[in-house]
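Undergrad: Sharing a structure here in structure tokens format.
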Amino acid sequence: MGSQEEIGKLPHDSALALYLAHRRALVNYANGIVGDPGHAEEVVQEAWLRFGTVVSGRPLKEPVGYLYRVVRNLAIDDYRRRLREERVVQPDADKVVNALSDEAPSPEAVAAAKDELRLLRDAMAELPERTRIALEMRRFGGCKLKEIAAYLGISVTVTHEIIAEGLAHCRRRVRPGP
């Protein structure tokens, strides 16, 4: 291998030789910081890319020291990033797992939902046509009151009133109160 200044003049051959000569030690160094051999390997690969870019542009007085500094900085960044992710993701992971396990409704819940849906269909069928159309457009179609009013040829105020009446009727039929 040549002198350290030759590394700047022969970036590919000398820089690659330097990297390969120190690669295992760099991975061990990074692993001591990140605590994960897989992440350490990624850190060293990223360091090589950055090192190769720098040495191709200028000679370095201490290329080995520079390479270790790049690995150290990247390893610390990786470690901090993973800590942040764990603080953000980990506390909620249990909630997500519990929510996923509770996501499937019980047979009783399915039966109750089917009953409610049947009651809602019956209640909607009992509504006057204009009220039923307005309610369907609003709740199922996501239409604005102004759009419904224009479609039905009535005022926005009347549209609001008939939708409110339709909702109240459906609530009374689906969930009768005391």
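We did not get these values from a lab; they are worked out from the coordinates using the rules stated. Values in this document were obtained by computation on a predicted structure and should not be read as measured data. Heads up, the Cβs are rebuilt from the backbone with ideal geometry, glycines too, and the neighbour counts pull from every protein chain shown.
Undergrad: Please order Y19, Y151 by the number of other Cβ within 10 Å, starting at the fewest. Before the final figure, lay out the partial values.
TA: Details: Y19 19, Y151 13.
The most exposed by this proxy come first: Y151, Y19.
Undergrad: Please state the relative contact order of the stretch 107-174 as a whole percent: Cα pairs under 8 Å, 6+ residues apart? Walk me through the numbers on the way to the answer.
TA: Working: 46 pairs, mean separation 27.1, N = 68.
It comes to 40 percent, rounded to a whole number.
Undergrad: Across the stretch 161-166, in residue order, what do the Karplus-derived ³J(HN,Hα) couplings come to in whole Hz, using 6.51 cos²θ - 1.76 cosθ + 1.60 with θ = phi - 60° and x for Gly and Pro?
TA: Using θ = phi - 60°, the values come out as 5, 6, 5, 4, 5, x Hz.
Undergrad: Right, another one. Starting at the first residue of the stretch 148-159, write each ³J(HN,Hα) from the Karplus equation 6.51 cos²θ - 1.76 cosθ + 1.60 with θ = phi - 60°, in whole Hz, x for Gly and Pro.
TA: Computed from phi, the couplings for the stretch 148-159 are 5, 4, 5, 5, 8, x, 10, 6, 5, 4, 5, 4 Hz.
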